[in-house]
Structures are given as C-alpha cells and as structure tokens.
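Working notes, beginning with the structure itself.
Derivation of every value follows stated rules applied to the coordinates shown; laboratory data play no part. All values derive from a computational prediction rather than experimental measurement. FYI the Cβ positions are ideal-geometry reconstructions off the backbone, even for glycines, and counts take in every protein chain you see.
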Amino acid sequence: MKKITFTKMAGAGNDFIVIEACPGINVKKLAIAACHRTNGIGADGLLILGKSKKADYRMRIINADGSEAEMCGNGARCMAAYIVRHLRPKKKLFSIETMAGIILAEASGEAAHVRLSDPKDFRARIPLDVSGRTIRVSSIDTGVPHVVVFVDALKKIHVAEIGRRIRYHSRFKPRGTNVNFVEQVKCDLADVRTYERGVENETRACGTGSVASAIITYLKSHPDVKQAKKAAMRVKTAGGEILKVTFDLENNKVSNVWLKGSANFIAKGEYYV
C-alpha cells in the first residue's frame with residue numbers, strides 16, 4: 001500500500017484532488033478510484049503538479065472517468081493557488097504548461113486569475129438535430145471543445161439528458177464536446193449550466209465553459225463590434241458563484257482571455273493506493 005499526500009480544492013463549486021507527480025502510479029486508475037464520491041475522496045477531477053521544460057510548472061488534468069483533459073479553467077485557478085501556498089514562487093505571474101498550451105496565472109489567498117490559451121474554431125448557429133428537433137448551437141474551443149445553447153427558463157432545462165445527447169452527437173466526433181446552456185440575464189451577465197465531458201453529468205461550474213459562454217454571449221450581443229480591449233462578461237455558475245471573464249477582440253479574433261474566481265482549500269490528507 002502506498003500513501004499519496006493530497007489537497008482537496010474547489011473553484012466555483014468544481015472540486016478537485018490536487019497531488020504532486022508520483023512516478024510509477026497509474027494516474028488514470030488513481031483518478032477513477034480517488035474521485036469516486038463514496039469509496040474515494042470524491043471530486044470532479046484529479047490535478048497533478050509536475051515539472052516542465054517549457055514553463056515554470058506543468059499541470060495534468062485527469063477527469064473522474066479516467067480520461068485526460070487538455071484544459072480546465074477552474075482547475076487552473078486551484079492549481080495556481082496551490083502553487084502560491086506551497087511552492088511560494090518568486091514571480092507574481094507564473095506560467096503553467098497544459099495540453100492546451102502554456103497559460104499564465106497569479107493567485108492570492110483563495111482567489112486566482114488565469115490567462116487561458118487563445119480560443120479557436122468558433123462557429124455560430126450550427127443546425128443540430130437532437131431527438132428529432134433542430135436546434136441552433138454555437139461552438140468554440142477554449143482549451144477544450146464547448147457548445148453553447150441559448151435557452152429561456154434555464155432552471156427547467158434537463159441538462160443531463162439533453163447535454164448527453166449533444167455531447168455524443170455525431171457532429172462532434174471523435175472528441176465529443178462539453179455543453180453549456182446559457183440564459184442571458186443582462187448585457188454583461190449570463191447564467192450558465194454545464195454538462196461536462198469526462199464527468200458525464202452536470203457540474204456546479206466549468207471554467208472553460210464559462211469562458212466559452214462569455215465570449216459567445218458577448219459576440220451575440222455585440223454583432224457590430226469588431227475591435228474591443230478588455231471586453232468583460234460575468235458568468236453565474238450553477239453553484240452560484242459569479243466568475244469574471246475578460247478578453248480582447250480584434251478583427252473578430254479573440255485573444256488575451258482571463259478568468260477570475262475562487263480557489264478554495266477544503267482539506268488535506270493521505271490517500272491509500
């Protein structure tokens with residue numbers, strides 16, 4: 001039996017087990033076991049801090065089902081806060097290597113601010129057949145693939161049922177997609193509920209999903225705006241926290257995307273493998 005030291009963290013209700021790299025451990029099997037809500041610690045995913053040749057640090061993200069994710073916005077904030085508390089970096093703004101590219105991060109206490117990789121592959125108003133009904137969705141890759149569906153009466157939407165059908169839709173094979181249901185409340189505020197790939201259910205928050213929802217909602221609300229600096233949107237998650245998203249827009253290209261929100265320390269201990 002091997003003991004692994006872990007820290008349990010949460011960002012906007014998205015919870016994670018944070019560990020430092022452990023050679024010789026099958027991290028996918030570890031994630032499935034440790035993230036189990038009854039027989040494990042319980043979490044949406046496992047975050048692994050390691051060394052990088054390209055950046056100051058490296059982060060791996062293993063979902064609760066054992067699949068590896070390219071990026072996780074809420075997880076990145078938690079990792080940033082973990083790094084500041086435990087490693088005390090000399091630089092206020094430091095870099096983290098992910099499968100989606102190198103991101104920048106800073107943290108203070110239980111709040112963190114991360115700059116994600118530039119979004120790509122934006123497509124608006126894609127016709128999609130779901131259970132015999134055609135709906136229009138938009139898609140964008142904010143480190144991982146996301147679909148945004150604008151709805152009325154967000155609380156009444158069957159997120160798990162409809163989200164699962166879109167997540168596995170043939171249009172998004174082979175990677176599949178995360179699915180965000182969005183109700184715009186104000187010009188700069190959107191309510192979002194997300195079905196997450198890898199968790200295979202609705203989660204209380206999704207950082208990259210909040211970013212995708214913020215960008216697409218802004219573009220929908222400002223169809224004539226081609227240039228913008230620090231365009232800002234607020235996203236209310238299912239967990240109730242409001243995340244802040246800013247980005248630049250130049251000739252319809254989005255860059256310099258920042259996500260700000262909580263990174264809460266919940267517990268620490270030993271997990272037995």
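Looking at the stretch 105-117, is at least one residue in contact with a strand residue (DSSP E or B) (Cβ under 9 Å, 6 or more places away or on another chain), surrounded by 15 or more Cβ atoms within 10 Å (Cβ to Cβ), under 28 Å from residue 248 (Cβ atoms) and basic (Lys, Arg)? Scanning the stretch 105-117 turns up at least one residue that is in contact with a strand residue (DSSP E or B) (Cβ under 9 Å, 6 or more places away or on another chain), surrounded by 15 or more Cβ atoms within 10 Å (Cβ to Cβ), under 28 Å from residue 248 (Cβ atoms) and basic (Lys, Arg). Scanning the stretch 215-241 for residues that are outside any strand (DSSP E or B) and in contact (Cβ under 8 Å) with a residue 40 or more places away in the chain gives 215, 216, 217, 219, 220, 237, 238, 239, 240, 241.
Quick check, is residue 72 of a type in the set (A, V, I, L, M, F, W, C) and within 19 Å of residue 271 (Cβ to Cβ)?
It is false that residue 72 is of a type in the set (A, V, I, L, M, F, W, C) and within 19 Å of residue 271 (Cβ to Cβ).
Scanning the stretch 102-128 for residues that are at positive phi and among the small types (Gly, Ala, Ser) returns a single hit, 109.
Could you check residue 65 against (1) out of contact with any strand residue (DSSP E or B) (no Cβ under 6 Å at 6 or more places or on another chain); (2) part of a strand (DSSP E or B); (3) among the acidic types (Asp, Glu) and say which number it fails? Tallying (1) out of contact with any strand residue (DSSP E or B) (no Cβ under 6 Å at 6 or more places or on another chain); (2) part of a strand (DSSP E or B); (3) among the acidic types (Asp, Glu), residue 65 fails exactly one: (2). Among the conditions (1) touching a strand residue (DSSP E or B) at 6+ places or on another chain (Cβ under 7 Å); (2) surrounded by fewer than 24 Cβ atoms within 10 Å (Cβ to Cβ), residue 196 misses just one, which is (2). In the stretch 248-273, the residues that are without any contact (Cβ under 8 Å) to a residue 24 or more places away in the chain form no Cβ pair under 7 Å with any partner that is among the aliphatic types (A, V, I, L, M) and not in a strand (DSSP E or B), whether six or more places apart or across chains. Could you go through the stretch 9-20 and let me know if any residue there is in a loop (DSSP other than H, G, I, E, B), in contact with a helix residue (DSSP H, G or I) (Cβ under 8 Å, 6 or more places away or on another chain) and surrounded by fewer than 18 Cβ atoms within 10 Å (Cβ to Cβ). Scanning the stretch 9-20, I find no residue that is in a loop (DSSP other than H, G, I, E, B), in contact with a helix residue (DSSP H, G or I) (Cβ under 8 Å, 6 or more places away or on another chain) and surrounded by fewer than 18 Cβ atoms within 10 Å (Cβ to Cβ), so the answer is no. With respect to the conditions (1) surrounded by 24 or more Cβ atoms within 10 Å (Cβ to Cβ); (2) farther than 26 Å from residue 195 by Cβ, residue 55 falls short on a single one, namely (1).
Here 170, 131, 138 are screened, and the one residue that is surrounded by fewer than 20 Cβ atoms within 10 Å (Cβ to Cβ) and at negative phi is 170. The C-beta contact set for the stretch 43-68 (first residue in contact (Cβ under 8 Å) with a residue 12 or more places away in the chain and closer than 9 Å to residue 97 by Cα, second residue small (Gly, Ala, Ser) and not in a loop (DSSP other than H, G, I, E, B), distance under 6 angstrom, 6+ apart or interchain) comprises 55/95; 56/95; 58/50. Looking across the stretch 239-273, just one residue is surrounded by 16 or more Cβ atoms within 10 Å (Cβ to Cβ), acidic (Asp, Glu) and over 16 Å from the mean Cα position of the chain (by Cα), and that is 248. When the residues of the stretch 69-92 are filtered to those that are touching a residue at least 60 places away in the same chain (Cβ under 8 Å) and of a type in the set (Lys, Arg), the one that is surrounded by the most Cβ atoms within 10 Å (Cβ to Cβ) is 77.
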